[in-house]
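Written out below as structure tokens is the structure these notes cover.
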Amino acid sequence: MSLRQTSPLSPEVVTAALSELRGSRAALHRSHLVARCDLGLAMPGLRFGKAAPAAAFVLSGDCVCRDLVADVLHIVSVFLTEHGTDRTNLAGAVRSHVRKRVIDVFRAYRADRGAQVKPKQVRQNRFGRALPDEEHRAVLGHLADEAGYSAPLPGHGYLLRRLAERCAAEFGGPVPYYLERMPTMLRTVKRVCSAGTRVNVGTRTSPEYVTWYDAYIERPLGRRPDTRVLSDEAAWSTVADPDATRAFDLVTDADPDPDTAVVAALVDRVAAVAPADQPRTVRTAVRALAKRGLLPRDRAAALLADPDRLDDVLSRAREVVVAGGRRG
């Protein structure tokens, strides 16, 4: 896949632009988990990356950073058309212009996804100020940032891990500490950010009013592709007990107490094993429910990532076992 164009770009200014974009491209690679960039750029007098020699300007490859390079080089081309004759140091002027404008490109990408274009500032908006502490404000900021990415988002459990890692890096605590607290913190953030005036995500003639959280967090996150359809099967295939995959009642998001349905589905499994083996059995059965499509995988991931909630499910299942006079 390639992009061809005619422009006032010279090898000198393209090299300057690519040099200035090095940090931005590296950040994109990290956020999109790119293992190997296949970007190639070729033009008379210049070859970059995995490009073959070309007599015209050719930008090739499928890496996520290609669109950034293309958009920035277009901005540079316009800049040179307007100011190319009144600059004595074109390379330096191009680097300065790229440095100023690259943030506009990223903001445009985020706006196209319906996310906040300045995610760092949400910590100090009316919702951020209403949160109980800096850690909750950090979670809100990181959520707003994640909502603007186009990278795949393989399930709620992956998002929990990302948020925990980002909080750990910011505050210096261990990742497991934040991973354990993250479901509760997310519930607080959602509750606070769902209050107040609604946002129109429709049009003036056909309005659709939703909460701020739904408009700028849930909807943009939902637009990120979900790779679980193709790549997550192995992660959910570690079911030690084939009997755990028998048909349970379907657990839906409409359940007023979703864990009640999970408890009911796990009672027989808990009753069939010794108390010491019950925690492992519960985790195995939750994965089995998700694998068979009987429990939403994001809910299963959230349950497995929340030890307190998982213990509560197990305790409730044990109470049912004892009340029914079954072994366990």
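Only the coordinates and a few stated rules stand behind these numbers; no lab work does. All values reported here derive from a predicted model rather than from experimental measurement. Please note: Cβ atoms are built from the backbone with ideal geometry, for glycine as well, and neighbour counts cover all protein chains shown.
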Expected output is a single nm value to one decimal: the length gained when fully extending between Asp67 and Ala195, i.e. 0.36 nm times separation in residues minus the C-alpha distance. What is it?
42.4 nm
If you bin every alpha carbon distance in the range 2-111 into 10 Å steps from zero, what whole percent lands in each bin?
14, 48, 33, 5, 0
Among 167-178, 59-70, the order from most to least packed when residues are scored by Cβ within 10 Å on average
59-70, 167-178
Approximate spin-label separation Ala151-Thr203, in nm, with each point projected 7 Å along Cα-to-Cβ:
3.5 nm
